[in-house]
Amino acid sequence: MEIRIKDERLKKAAGEGMDAFLNVFVEAYLEPTGGEITLDTFQNLNGEQITLLAYHVLHEEVMDGGFIQLIQNGYGPFIFDNPFAKAMRLWGLKDFSNIIYKAKRVYDAHKEDLTRTRTDEEFMAMYENYEVFDELDDYFVTEEEGITAQIAFYVDEHMDQFATIES
C-alpha cells in the first residue's frame, strides 16, 4: 500500500518542529489500523518506514520509562530482533546505533527475566536490578533532540522512501 501525505500537512508540521514532522509519517503509517501497530501495519510498510516507526516506539517508551519500559511493554523483539540498530548506523547515527547494540546485548543475555510478566512492584524493582540500562537511558534522554533532528534530516533527504507527497 502506498503511503500518501499532503504537502500542505507536511509543511505545516515541519514548521512546528522535528517531532511534528516525523509524526506526520507515523500517523500515516498507523492510520489504516486505527493507530495500533499490528501485523497489517508491517505488511503495508517498507523497511525504511518500519525503521521510522520503530524509532517512534523507542522514543515514546524510552522517554517515558527507559529501555526497561520498552521491553516490558513488549517492544523488545521489534527493536532488538530486527535490524533497527544497523539501520540507525546506515542513517548516519553511529553513536545511537552503538547504544541500541549495548541494550540488545543486555536484552539477549537476560531476555527471559526481562520479558516475564511482573507486578507493578516487581517492575519498579527492575530499575535497581538492571542499572546497566541507566547509562543507556541517560544517553538517549540527553541526545534525543539531536537524534530526532538527524532522523528528520534523513527522512527529508530520502522522502520518496517514506511516503508519496501530494500537492
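Within segment 22-67, track down each residue that is part of a helix (DSSP H, G or I) and among the small types (Gly, Ala, Ser). Steps first, answer last, please.
Within segment 22-67, the first condition is being part of a helix (DSSP H, G or I), and the residues that meet it are 22-33, 39-43, 47-67.
Residues satisfying the conditions are ALA28, GLY47, ALA54, GLY65, GLY66.
Just wondering, is there one or more residues in segment 75-83 that are open to solvent by 10 Å² or more (accessible area, probe 1.4 Å) and either among the charged types (D, E, K, R) or at positive phi (or both)? Give the derivation first.
In the first step, residues of segment 75-83 are kept if they are open to solvent by 10 Å² or more (accessible area, probe 1.4 Å); the result is 75, 77-78, 81-83.
From what is left, the residues that are either among the charged types (D, E, K, R) or at positive phi (or both) are 81.
Within segment 75-83, one or more residues are open to solvent by 10 Å² or more (accessible area, probe 1.4 Å) and either among the charged types (D, E, K, R) or at positive phi (or both).
Exactly one condition in (1) modelled with pLDDT of 95 or more; (2) under 26 Å from PHE162 (Cα atoms) is not met by ASP138; state its number.
ASP138 satisfies all of (1) modelled with pLDDT of 95 or more; (2) under 26 Å from PHE162 (Cα atoms) except (2).
Residues are listed down the side, and each one gets a yes or a no for (1) closer than 30 Å to GLU131 by Cα; (2) open to solvent by less than 20 Å² (accessible area, probe 1.4 Å):
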{"site": "VAL24", "(1), (2)": "no, yes"}
{"site": "HIS56", "(1), (2)": "yes, no"}
{"site": "ILE68", "(1), (2)": "yes, yes"}
{"site": "ALA109", "(1), (2)": "yes, no"}
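Give the residue, chosen from ARG4, ARG9, that is in contact with a helix residue (DSSP H, G or I) (Cβ under 7 Å, 6 or more places away or on another chain) and open to solvent by 80 Å² or more (accessible area, probe 1.4 Å). Step through it out loud before you land on a result.
On the way: ARG4 fails: in contact with a helix residue (DSSP H, G or I) (Cβ under 7 Å, 6 or more places away or on another chain).
From the options ARG4, ARG9, the qualifying one is ARG9.
Just need a number here: residues in segment 115-131 that are open to solvent by less than 80 Å² (accessible area, probe 1.4 Å) and either over 19 Å from the mean Cα position of the chain (by Cα) or among the small types (Gly, Ala, Ser) (or both).
Restricting attention to segment 115-131, the residues satisfying the condition of being open to solvent by less than 80 Å² (accessible area, probe 1.4 Å) are 115, 118-119, 122-123, 125-127, 130.
With either over 19 Å from the mean Cα position of the chain (by Cα) or among the small types (Gly, Ala, Ser) (or both) added as a condition, the list becomes 118-119, 122-123, 125-127, 130.
Qualifying residue count for the region: 8.
Which members of segment 26-45 meet the condition of being open to solvent by less than 50 Å² (accessible area, probe 1.4 Å) and either of a type in the set (Asp, Glu) or under 19 Å from HIS158 (Cβ atoms) (or both)?
Correct list: VAL26, ALA28, TYR29, LEU45.
Looking at segment 84-162, what helices (runs of 4 or more DSSP H) fall wholly within it and have at least 3 residues that are among the hydrophobic types (A, V, I, L, M, F, W, C), farther than 18 Å from GLY65 by Cα and touching a Ser or Thr at 6+ places or on another chain (Cβ under 7 Å)?
84-90
Of the conditions (1) in contact with an Asp or Glu (Cβ under 7 Å, 6 or more places away or on another chain); (2) over 20 Å from LEU22 (Cα atoms); (3) not aliphatic (A, V, I, L, M), GLN161 fails just one. Which one is it?
It is condition (2) that GLN161 fails.
Taking segment 136-157, which residues are without any contact (Cβ under 8 Å) to a residue 12 or more places away in the chain and either over 20 Å from PHE21 (Cα atoms) or buried (at least 18 other Cβ atoms within 10 Å of the Cβ) (or both)?
ASP138, THR142
With within 17 Å of ASP134 (Cβ to Cβ) and of a type outside the set (Ser, Thr, Tyr) as the only criterion, which of ASN73, ASN98 stands out? Before you say what the answer is, go through the steps one by one.
Values: ASN73 fails: within 17 Å of ASP134 (Cβ to Cβ).
None of the others qualify; the one that does is ASN98.
Within segment 44-66, can one find any residue that is aromatic (Phe, Trp, Tyr) and modelled with pLDDT under 95?
no
The values are calculated or read from the model by the stated rules, or taken from the named source; none is laboratory data. All values derive from a computational prediction rather than experimental measurement. Using ideal geometry, Cβ is built from the backbone for each residue, glycine included, and neighbour counts are taken over all protein chains shown. Heads up: the accessible areas ignore ligands, DNA and RNA and are worked out on the full protein's heavy atoms, side chains in. Shrake-Rupley method; radii C 1.70, N 1.55, O 1.52, S 1.80 Å.
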